[in-house]
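A short worksheet on the structure shown next.
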Amino acid sequence: MIQESHQKAVKAAYLSIFGNAALAVIKGVTGIFGNSYALIADAIESTTDVFASLLVLFGLKYSARPADENHPYGHGRVEPLITFAVVGFLVVSATVIVLESIENIQTPHKVPKSYTLLVLAAIIITKEIFYRFINKKSDETNSSSLKADAWHHRSDAITSLMAFIGISIAIFMGKGYETADDWAALFASGFILYNAYLILRPALGEIMDEHLYDDMVEDIRSISQKEKGVIETEKCYIRKTGMTYHVDLHVIVNGELSVNEGHLISHNLKDRLLREMPEIADILIHIEPDNIEHS
């Protein structure tokens, strides 16, 4: 299942790369010939999206490497690091759009061509479809970097929507409103920065081993109670590494059991948890007797 999830994530990353490249060209050409600085700014962001998606693809491939002597927990932690890089691309994109918009507001230019609205409408729909598809794959694979890539598509859709509104105002209001699409691009940069924060927050929690997995803890406890010899579960700590999880679990058993019997219970429970919860890469089980006070 883990291998299948990885393949899904890689395919989704390839889709992002080719989709962003095609849209960047369409936006740039339409913006230049259609006199729309907002579309040109949008094309700039889509170009950075291509590099961000390439980074995501690299992270997915690298995180799939098996554990080795120097990385006993695997290479999954590269995913939140890649997410940080994607957030950096978002911040750079927003900054470039702000600077370009301010410059264009101060520079007299023609009203954008009306056909740019048709192109933008198609781009908005396409980007929202990309967002929903990539976001679904990120949920299926537990990939934080793919989640960041999905939000990159959503931010692009928002930028295009702002451009659509701005160009509409410029076209229908006429003379004196030529810079409406530039103001729209400037406004969109704020949405991009907000999306950057939404992406950064869970990735930061992941790399800091923040406790974010209450539902998984409940599933682990429920499965453990079904295993013969397990009286109760105590501490349960979960850390995410890429698309998989590592678990530390304390299990309470009869204190009169031999070491061999306790060892057998822990192995049987580990096998059961790995079988029923394939998203867990490894689990360390600590056996505690029931005849002492636990804290």
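The values are calculated or read from the model by the stated rules, or taken from the named source; none is laboratory data. Only a predicted model underlies this, so the values are computations on that prediction, with no experimental measurement involved. Because the Cβ atoms are built from the backbone with ideal geometry, glycine has one as well, and the counts that use them run over all protein chains shown. Only protein heavy atoms, including side chains, enter the accessible area calculation; ligands, DNA and RNA are left aside. Shrake-Rupley method; radii C 1.70, N 1.55, O 1.52, S 1.80 Å.
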Exercise. Counting only protein chains, not ligands or nucleic acids, how are Phe133, Phe58 ordered by accessible area (probe 1.4 Å), most first?
Worked result: Phe58, Phe133
For this session: Mind grabbing the accessible area of His263 for me, 1.4 Å probe, Å², rounded to tens?
Result: 110 Å²
Problem set entry | Bins of 10 Å, starting at 0 and running to the largest distance - Cα pair percent for the range 227-295 | 21, 51, 24, 5
Exercise. Among the aspartates and glutamates, which have Cα under 18 Å from the Cα of Lys27 when same-chain residues fewer than 8 positions away are ignored?
Worked result: Asp42, Glu45, Asp49, Glu100, Glu128, Asp156, Asp181, Asp182
Exercise. Helix-derived [θ] at 222 nm for the chain: sum -39500 (n - 2.57) over DSSP H runs of at least 4, divide by residue count, nearest 500?
Worked result: -24500 deg cm²/dmol
Exercise. Counting only protein heavy atoms, what percent of the accessible surface of the range 162-295 is carbon or sulfur at a 1.4 Å probe?
Worked result: 58 percent
Problem set entry | Equivalent ellipsoid dimensions for the range 97-163 as semi-axes, Å, which come from the Cα gyration tensor, largest first | 31, 15, 5
Problem set entry | Two-decimal Rg/Rh across the range 159-258, once Rg and the Kirkwood Rh are taken from alpha-carbon atoms | 1.44
For this session: Find the eigenvalues of the gyration tensor of the Cα atoms of the range 60-149, then list the square roots of 5 times those eigenvalues as equivalent ellipsoid semi-axes, largest first, in whole angstrom.
Result: 39, 19, 7
Problem set entry | Cleavage-rule hits, GluC sites (Glu not before Pro), the range 46-130, DSSP coil, Cβ neighbours within 10 Å at most 12 | Glu69
Exercise. Among Asn20, Asn195, Asn104, whose mean-square fluctuation peaks in a Gaussian network model of the chain (Cα, cutoff 10 Å)?
Worked result: Asn104
Problem set entry | Order of exposure, largest accessible area first, which applies to Ser168, Ser16, Ser222 with probe 1.4 Å | Ser222, Ser168, Ser16
Exercise. Ranked by accessible surface with a 1.4 Å probe, highest first, in what order do Lys61, Lys137, Lys147 come?
Worked result: Lys61, Lys147, Lys137
Seminar exercise, completed: Filtered hits (lysines, Cα-Cα < 23 Å from Lys136, offset >= 8 within chain) -> Lys8, Lys11, Lys61, Lys127, Lys147, Lys240
Seminar exercise, completed: Out of Leu118, Leu55, Leu249, a Gaussian network model of the chain with alpha-carbon springs under 10 Å gives the largest mean-square fluctuation to Leu118
For this session: Please sort through the DSSP H helices of the chain and keep those with an alpha-carbon extent of at least 20 Å along the long axis and a Kyte-Doolittle average not below 1.0.
Result: 37-63, 78-105
Problem set entry | Value of relative contact order over the chain, rounded to a whole percent, pairs C-alpha under 8 Å and six or more apart | 18 percent
Problem set entry | Where Rh is the Kirkwood radius over Cα pairs, Rg/Rh for the chain | 1.17
